Amino acid sequence: MSYITSPAFEKKGYVVLDAYDQAADPQEWLNLQYVDWKSSGDTRWAPLASAFGEMECNGFWNHTPPRTDKDGVWVQANVDKAPILKARAEEPGANVGRCRVIELQPNDYAGAIYNLHQDDNNRLNPDGTGWIVRSFFNLSDDPDSVLILREDRFDPETEVRIPLPAGSQVVVDTQRFWHAVWHTGPLPRYSLISSWTSGPELDAYIQKYHGASQPNNPPLDQAIIDDAQFQMKRRLAERAATLAAQGKKDHAPKDPEA
Ligand SMILES: [Fe+2]
């Protein structure tokens, strides 16, 4: 398969952009209509673009006809309430697939590690076209919360932790990384998540906002990491045993969200 990818992702697989002045904007996300959607962690979702403009969040490949995560249709009732969020998703000029605001309740590091997953957003993506990546724009101010990325699901040495103050902007190859958010709370965290197609438009946008990998992780006590690794493996073993007892096969979660 040979997709069009962005050189900005070649080395590290993600970029942090210049921070956005979130405080200058109205809190549009508080007025949106949210729907329940099974995801990693305790979440609700407000769709801004969906497969057919309906108020739902399902993968485009679960619709008829099935297609990849491109050409999202704006959900009128929500974009009417969030013109700035829509404009931000459209700013690069890249194709927009699913576009949603996530509301995530507080969790802990061990719970986030357990929820690590890879996205499946390039399912049915035609060979030779642009690779789909995702942007995460933090709307609420959560400087102590982090977006966790791991090349290897079980290896904390591969972990990147990106702090999420209001206005933080990260673009991630979410099919490459295992990812989840550790949200310390106490209030819910809100983030605008958009599927974008790689290509010259996205490259120019990343360049304009000085996309780069972050030099260092915020510190985290080794004992917390060790404990989370232990809990993650125990919970995964318990889940596998439960499913085996039911005669079902265990598999890694696919395409829930961060
Ligand atoms: Fe995800």
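The values are calculated or read from the model by the stated rules, or taken from the named source; none is laboratory data. What you see is a predicted model; the values in this text were computed from it and never measured. Neighbour counts are summed over all protein chains in view; Cβ atoms, including those assigned to glycine, are modelled from backbone coordinates with ideal geometry.
Looking at LYS11, LYS70, just one residue is under 20 Å from TRP131 (Cα atoms), exposed (fewer than 15 other Cβ atoms within 10 Å of the Cβ) and of a type in the set (D, E, K, R), and that residue is LYS11. Just one of (1) under 17 Å from ASP144 (Cα atoms); (2) part of a strand (DSSP E or B) trips up SER195, so point out which. Every listed condition holds for SER195 apart from (1). Here segment 108-136 is the region considered, the condition is being in contact with a helix residue (DSSP H, G or I) (Cβ under 9 Å, 6 or more places away or on another chain) and among the aromatic types (Phe, Trp, Tyr), and the residue that is farthest from the ligand (Cβ to nearest atom) is TYR109. For segment 145-166, enumerate the residues that are under 15 Å from VAL181 (Cα atoms) and of a type in the set (A, V, I, L, M, F, W, C). Passing the criteria: VAL146, LEU147, ILE148, LEU149, VAL160, ILE162, LEU164, ALA166. Within this structure, GLU257 passes the test of being at pLDDT below 95, surrounded by 10 or more Cβ atoms within 10 Å (Cβ to Cβ) and within 16 Å of the ligand (Cβ to nearest atom).
With respect to (1) surrounded by fewer than 18 Cβ atoms within 10 Å (Cβ to Cβ); (2) touching a residue at least 12 places away in the same chain (Cβ under 8 Å); (3) over 14 Å from SER191 (Cβ atoms), the lone exception for ASN62 is condition (2).
Out of the helices (runs of 4 or more DSSP H) lying entirely within segment 1-95, which hold 2 or more residues that are aliphatic (A, V, I, L, M)? Counting at least 2 such residues, we get 76-79, 83-90. Residues of segment 225-248 that are touching a helix residue (DSSP H, G or I) at 6+ places or on another chain (Cβ under 7 Å) and charged (D, E, K, R): ASP227, ARG235. Scanning segment 11-25 for residues that are closer than 19 Å to ASN216 by Cα and not basic (Lys, Arg) yields GLY13, TYR14, VAL15, VAL16, LEU17, ASP18, ALA19. Quick one: would you say TRP178 is touching a Leu at 6+ places or on another chain (Cβ under 8 Å), within 16 Å of the ligand (Cβ to nearest atom) and farther than 28 Å from ASP21 by Cα? Answer is yes for this residue.
In summary, strands (runs of 3 or more DSSP E) completely within segment 131-172 and bearing 3 or more residues that are under 12 Å from the mean Cα position of the chain (by Cα) occur at 132-138, 142-150, 169-172.
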